[in-house]
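What follows draws every value from the coordinates through simple rules; no lab data is involved. Note that the structure is predicted; figures quoted are calculated from it, not measured. All Cβ positions, even for glycine, are placed from backbone atoms using ideal geometry, and neighbour counts span all protein chains on display.
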Amino acid sequence: MASKLLLITFVICRLLSTVGFTMDPLARVTGQLSSDPDDLEAASRDFGGMSRAKPLAVLHPASAEDVASVVRAGSAQGFTVSARGHGHSINGQAQVGRNGVVIDMSGPKGRRFREEFTKPVLGEVVSRGGDSRSRSYYVDVWGGELWIDVLKWSLDEHGLAPKSWTDYLYLSVGGTLSNAGISGQAFHQGPQTSNVYELDVVTGTLRKGELMTCSEEKNSELFHGVLGGLGQFGIITRARIALETAPQRVKWVRVLYSNFSAFTKDQEYLISLHGGGSSERFDYVEGFIIVDEGLINNWRSSFFSPRNPVNLTSIGAYDVLYCLEVTKNYDKSTADTVDQVVETLLKKLDFIPSSVFTTDVTYLDFLDRVHKAELKLRAKNLWHVPHPWLNLFVPKSQISKFNDGVFKGMLAGNKTSGPILIYPMNRNKWDQRSSVVTPDEDVFYLVALLRSATEEGPHTLDNLRDQNRRILHFCEESGIKVKRYLPDHSTLDEWKGHFGEKWEAFKQMKMKFDPSHILAVGQRIFQPSF
Ligand code: FAD
């Protein structure tokens, strides 16, 4: 019934606007408010492929003001609103259901409407320290911009690039900033949420749908709250992202371990080098678990190519292998010394001596590496399958227990149907004023079980979900205090537990910036108040 009323309102508003009345915020929309079945269908899905919810309408915005108009209307008329970045959530986080409007922040239709105004704009910060002046650059981008486009633009036009990344770049700026945005650079650069200077945010403030600019200095409560805020306080329409001079090429190295404590000791050693100058550390540190070699499992591992084969049998008997992945960036000025630097760093590590795999690629090719794997999986119809992913932050003190119980316990000997990443990060690179939640230790690990379900065999959706539940249960029983990354809790108690000490402040912010609870309802934290 509510959705019918809303549809009628849309139609009436459209009619009124054609004869000059603009009494309803929706009538001011200059983009496209669509109820086209294809748009509704696209907005009802996400990468997880496990939940579907058709919205009432989809907005392809032409401006930030369009976003504000729809949020204002939602607050006044009682419908929910979610930004959809690139729809790469796992559990319906960008969905709204039948009484809501999805704002398609990244889609090609919106791009057409926005045309000129959302083009990235380069800016410069000059800091003065005594007599010296140092310059740093930033780029202002539309909140729905994809990271791949931000990278290509800043590289091609200016030889610059953002500092902190995700492994996969076909994600939107607003979508990753609402979570954290992490990859192997996070140990020294911090997550993407630590590399933003300023945001424009449309809040859900009662009946106002206000567009507010926020930063460390201005509306700082909103700024910190929105970063990692799971879309709860507003929709990011512009982000000012820190840039650095881009390297030209990357030495990319993988080495193997059969001993978990040697593997984690080396990872932790490498991330402890973040304070030094650029030549004293790697630029990227990740790792993954090797259990089997099927196509899906290896979709991020094409590195072990025919030119660069890995003969696991030559390595000897093992339950589980651990692969450390590191890179060193370089350009013309450091090309002569980069191999020496890599060698010196590798000499300090304790991997299996015969297991060094090296390649050399452009910076763009390295950063865009997962897209190549995506194309392979798409060609085999294996991209659009359910993805019951589980992402955990595990405290350093308990990672060994996690290895015993999960990698060497539950998963050992099984094919895993997807990559399992494991890498540590330094908590002091995470701004604790943001909404992101991490374990309470100086170093914690990301463990990402990025698995794909198949219709038959051991990896059905039910089986993988059950395994996820057992992993979480094991952590609880063993006192491993994990925090979920890209969380999908469903009860209020679980959310309170997730946010811990941050919960009260999070709730207060919600009261202030979205009191009717109309925003990002797909996160299932707060119920709409109508
Ligand atoms: P969506 O799924 O569209 O939205 C996610 C949430 O953010 C929703 O609640 C939505 O309402 C909200 N939102 C979206 N846009 C905005 C906005 N402009 N303002 C406010 N709220 C907004 N994450 C990492 O950190 N590192 C990785 O290496 C990584 N790799 C990935 C690889 C793949 C193949 C996939 C599918 C995901 C990966 N992720 C990674 C997870 C990814 O960062 C999150 O799923 C992210 O939310 C996806 O971005 P999106 O633009 O598709 O967001």
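Cβ crowding within 10 Å ranks Ser355, Ser154 as Ser355, Ser154, fewest other Cβ atoms first. Answer rounded, prolate or oblate for region 423-530, using the Cα gyration tensor with square roots of eigenvalues a ≥ b ≥ c: rounded when a/c is under 1.5, else prolate when a/b is larger than b/c, else oblate. Oblate shape, in that a/c is at least 1.5 and b/c is the bigger or equal ratio. Work through the residues other than Lys218 whose Cβ is under 14 Å from its Cβ and net out their charges, Lys, Arg +1 and Asp, Glu -1. Neighbour charge sum, excluding Lys218 itself: -4. Inter-label distance, Lys265 to Asn468: 3.5 nm, where each label sits 7 Å from its Cα along the C-beta direction. Of the cross-linked pairs Lys119/Lys163; Lys152/Lys429; Lys109/Lys380, those separated by over 23 Å at the C-alpha level are Lys152/Lys429; Lys109/Lys380.
Overall, the ratio between the Cα radius of gyration of region 249-484 and 2.2 N^0.38 Å, rounded to two decimals, is 1.03.
Figure the gain on full extension for Glu343 and Glu504 (residue separation times 0.36 nm, minus the Cα-Cα span) and round it to one decimal in nm. My answer for the length gained is 53.0 nm. Using the Cβ atoms and a cut-off under 11 Å, what net charge is assigned to the surroundings of Lys54, where Lys and Arg are +1 and Asp and Glu are -1? Charge balance near Lys54 sits at +1.
Rounded to the nearest 0.05, the FRET efficiency derived from the C-beta distance between His384 and Thr358 at R0 = 30 Å is 0.30.
Across the alpha-carbon set of region 116-245, the Rg to Rh ratio works out to 0.97, Rh being the Kirkwood radius.
Would you mind pulling out the separation of the Cα centroids of region 184-234 and region 461-530, in Å? Spelled out, the Cα-based centre of one part sits 20 Å from the other. Seen from Leu375, the other residues with C-beta closer than 12 Å to its C-beta sum to a net charge of +3, counting Lys and Arg as +1 and Asp and Glu as -1. Between Asp440 and Lys408, full extension at 0.36 nm per residue minus the direct alpha carbon distance yields a gain of 9.0 nm. Relative contact order, whole percent, for the chain stands at 17, derived from Cα pairs under 8 Å and 6 or more residues apart.
With contacts taken as Cα pairs under 8 Å and at least 6 residues apart, region 249-484 reaches a relative contact order of 28 percent. Plainly put, the chain has a radius of gyration that is 0.97 times its Kirkwood radius, both from alpha-carbon atoms, as the Rg/Rh ratio.
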